[in-house]
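Notes for the one structure printed next.
The values are calculated or read from the model by the stated rules, or taken from the named source; none is laboratory data. Predicted, not measured: the structure shown is a model, and the values here were computed from it. Note that each Cβ is placed from the backbone with ideal geometry, even for glycine, and that neighbours are counted across all protein chains shown.
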Amino acid sequence: MNRRVALITGGTSGIGLGIAKKLAPHFNLALVYGSDHEKAEQALNQLKQDFVGTPSDLKIITYAQNLLQIEEIPALIKKINADFAEAPTVLVNSAGRLRDGLFQSSKMSEHEELLKEHLLAPMALCHATVRGMSMAKFGRIINLSSISADYAKRGQTNYAAAKGGIESFTRTFALEVAHRGITVNAIAPGLIQTPMTQILVEKIQASEDGIRGRIPAGRLGTPEDVGALAAFLCSEDASYITGVSITIDGGRSLGDPLS
């Protein structure tokens, strides 16, 4: 892979950072985060320590951006284009938080915000970057989904709706841009150990079944596990894979995944 530019939302923590680590040997990185400047600085320093100074050298720039302000996304892409002197040809939509709760007991405004974060913002980012990919005749788009798109869990009505929507969008958008050398795929993780999932991890570890009883692989997933899959999907070797959602959950969804 040539050192093109990869734009990763949520790229300074959790799964996004795991993906950034796997893409760093191959791409310059534009890492978008929300408001945690300290965590972004730590991630930037870690990536620079691990990768900058290699023969190919690595350029990394972080961007604080509230992706709920969808109307500001085109300006963000314009700034990234200017900073790197080229348009990003890899887009990873990884940003997003959980807001679990029973549908009838929560406010519609909360559901609207989650849908904007997990569905509309990724769509807007695709819309703002696809022209540059078309001009380069190369593009790799990865949308983060979840096994929650296919397996119902109480309290995740909004999250499941958003992830089901992003998978449908992925399939249809892939159909429209495949002839331009652009692939569009989704990754659907199971339980990945990140700060966002720590409470759930602790509950499973304390349960009678434990991790091995819930996950056939016998361990939790890591952000780097997801990153390795993302790196493959961004490579030339994956040029014939598009419009699919790939589950990565250690076999959890083979049984009773979300109970």
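Things to note:
- When residues in segment 177-228 are screened for being under 21 Å from the mean Cα position of the chain (by Cα) and outside any loop (DSSP other than H, G, I, E, B), 25 of them pass.
- Only helices (runs of 4 or more DSSP H) whose full extent lies in segment 1-106 are considered here, and the ones with at least 1 residues that are of a type in the set (Val, Ile, Thr), at pLDDT 95 or above and surrounded by 14 or more Cβ atoms within 10 Å (Cβ to Cβ) are 14-23, 73-84.
- Matching entry among 245, 235 (being surrounded by fewer than 17 Cβ atoms within 10 Å (Cβ to Cβ) and more than 17 Å from residue 96 (Cα to Cα)): 235
- Restricted to segment 139-172, and to residues there that are outside any helix (DSSP H, G or I) and either under 15 Å from residue 91 (Cα atoms) or among the acidic types (Asp, Glu) (or both), the residue that is modelled with the lowest pLDDT is 150.
- Members of segment 12-55 that are polar (S, T, N, Q) and closer than 20 Å to residue 129 by Cβ: 12, 28
- Residue within segment 41-55 that is within 17 Å of the chain's Cα centre (by Cα), within 26 Å of residue 169 (Cβ to Cβ) and of a type in the set (A, V, I, L, M, F, W, C) present: no
- The set of residues in segment 237-259 that are farther than 20 Å from residue 156 by Cα and at pLDDT 95 or above comprises 237, 238, 239, 240, 241, 242, 243, 244, 246.
- Hits in segment 124-166 (condition: in contact with a helix residue (DSSP H, G or I) (Cβ under 6 Å, 6 or more places away or on another chain), over 20 Å from residue 80 (Cβ atoms) and either surrounded by fewer than 20 Cβ atoms within 10 Å (Cβ to Cβ) or among the basic types (Lys, Arg) (or both)): 157, 160, 163, 164, 165
- Which listed residue is farther than 17 Å from residue 248 by Cβ and hydroxyl-bearing (Ser, Thr, Tyr), from 145, 207: 207
- Any chance residue 242 is over 15 Å from the mean Cα position of the chain (by Cα), within 24 Å of residue 10 (Cα to Cα) and not in a helix (DSSP H, G or I): yes
- Taking residues in segment 173-201 that are more than 27 Å from residue 88 (Cα to Cα), and partners anywhere that are exposed (fewer than 15 other Cβ atoms within 10 Å of the Cβ) and basic (Lys, Arg), the pairs with Cβ atoms closer than 8 Å and at least 6 places apart or on different chains are 196/97.
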